[in-house]
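Colleague: Sharing a structure, written as structure tokens. Questions coming.
The values are calculated or read from the model by the stated rules, or taken from the named source; none is laboratory data. The model shown is predicted, which means the values in this text are computed figures rather than measured ones. Neighbour counts run over all protein chains shown; Cβ positions are idealised from the backbone, glycine included.
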Amino acid sequence: MNAMTQPQPTTISPALVSAFAPGGALRASINLGNPILANRAPSGGDPVGVSVDLAREFARRLGVAIELVVFEKAAASVDAVKNEKADIGFFAIDPARSEGLLFTAPYVLIEGSYLVPEASALTDNAQVDAEGHRISVGAGSAYDLFLTREIKAAGIVRLQGAGPALAALRSGEVEVAAGIRQMLEGEAKLAPGVRVLPGRFMVIQQAMGTPASRGAEAQTLLAAFVEEMKASGFVADALKRHHIEGASVAPAA
């Protein structure tokens, strides 16, 4: 389908535009802690990535300017939207984040996996949750929230971001590090001494969100936007353009 025959987006009412951009510009909370979604541009300037592309396209649909509000960790990015210091954000869906936020269905699915020392006796995800095992995580990340609910016997060591969590494994402070599979595979390639356990312990559902105060109509519009971006190939093209592996386009809601 060429540009001349593509369906045009439905006109958005001024009231909904104001709901999303009360200050005149759409403030998008961007988390650099998840490299599948966003990264710093090699040449400096604004970050780049799938979430940035979606934010810019949504602002274009609204007919407003875009303002990127950038954070290094997911928890800070979530808090910015909950506290209305940003108008939209890109987060993993999790019950612990539901208060104060309205989510869309996911647009991307990401695997959460475990990294262990090369010499570890662990060979399977199910073996991780055992007495004496310490699991390092980025505090407030999707996998931290998930493991906090699911882990029964092992200990969870919460650190300030993925970098310190990986460093804790290499230094021997923990027996296991949890994280986004793509990031862990990159760490394993970076230097010998660690390996990623087969499979995954969770699927991270990355969605868009807006403050709950923006209302049900705003959520409906944002949800419809996400569905269109999946169905049209926009998300798939963005993943390819930014050379992202380890993520897949989420199915239609």
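Colleague: Within the stretch 164-172, is there a residue that is under 30 Å from Ala86 (Cα atoms) and without any contact (Cβ under 8 Å) to a residue 40 or more places away in the chain?
Modeller: yes
Colleague: It is to be established whether one or more residues within the stretch 131-151 are free of Cβ contacts under 8 Å to residues at least 60 places away in the same chain, assigned to a strand (DSSP E or B) and surrounded by fewer than 20 Cβ atoms within 10 Å (Cβ to Cβ).
Modeller: Residues of the stretch 131-151 that are free of Cβ contacts under 8 Å to residues at least 60 places away in the same chain, as a first pass: 131-137, 144-151.
This time we only want the ones that are assigned to a strand (DSSP E or B), so: 134-137.
This time we only want the ones that are surrounded by fewer than 20 Cβ atoms within 10 Å (Cβ to Cβ), so: 134.
Within the stretch 131-151, one or more residues are free of Cβ contacts under 8 Å to residues at least 60 places away in the same chain, assigned to a strand (DSSP E or B) and surrounded by fewer than 20 Cβ atoms within 10 Å (Cβ to Cβ).
Colleague: Can I ask one more? Could you check the stretch 36-86 and list, in sequence order, the residues that are of a type in the set (Ser, Thr, Tyr) and either assigned by TED's automatic domain parsing to the domain that holds Phe146 or on the phi > 0 side of the Ramachandran plot (or both)?
Modeller: Once the filter is applied, which keeps residues that are of a type in the set (Ser, Thr, Tyr) and either assigned by TED's automatic domain parsing to the domain that holds Phe146 or on the phi > 0 side of the Ramachandran plot (or both), the stretch 36-86 yields nothing.
Colleague: When you scan the stretch 11-115 for strands (runs of 3 or more DSSP E) that lie fully inside it, which ones turn up with 1 or more residues that are surrounded by fewer than 17 Cβ atoms within 10 Å (Cβ to Cβ) and over 14 Å from the mean Cα position of the chain (by Cα)? Spell out the reasoning first.
Modeller: Working: elements: 25-31, 65-71, 88-92, 101-103.
The qualifying strands (runs of 3 or more DSSP E) are 25-31, 65-71.
Colleague: I'd like to check which strands (runs of 3 or more DSSP E) are fully inside the stretch 165-238 and have at least 2 residues that are closer than 18 Å to Ala28 by Cβ and not hydroxyl-bearing (Ser, Thr, Tyr).
Modeller: Here the list reads 202-211.
Colleague: Let me ask something else. Could you look through the stretch 152-164, keep only residues that are touching a strand residue (DSSP E or B) at 6+ places or on another chain (Cβ under 9 Å) and in a loop (DSSP other than H, G, I, E, B), and pick out the one that is farthest from Ile36 (Cα to Cα)?
Modeller: If we take residues in the stretch 152-164 being touching a strand residue (DSSP E or B) at 6+ places or on another chain (Cβ under 9 Å) and in a loop (DSSP other than H, G, I, E, B), then Ala154 is farthest from Ile36 (Cα to Cα).
Colleague: Can you name every residue in the stretch 158-190 that is surrounded by fewer than 19 Cβ atoms within 10 Å (Cβ to Cβ) and touching a helix residue (DSSP H, G or I) at 6+ places or on another chain (Cβ under 8 Å)?
Modeller: Correct list: Arg158 only.
Colleague: Just give me the residues in the stretch 97-136 being within 20 Å of Gly215 (Cα to Cα) and among the small types (Gly, Ala, Ser), in sequence order.
Modeller: Ser98, Gly100, Ala105 - these are the residues of the stretch 97-136 that are within 20 Å of Gly215 (Cα to Cα) and among the small types (Gly, Ala, Ser).
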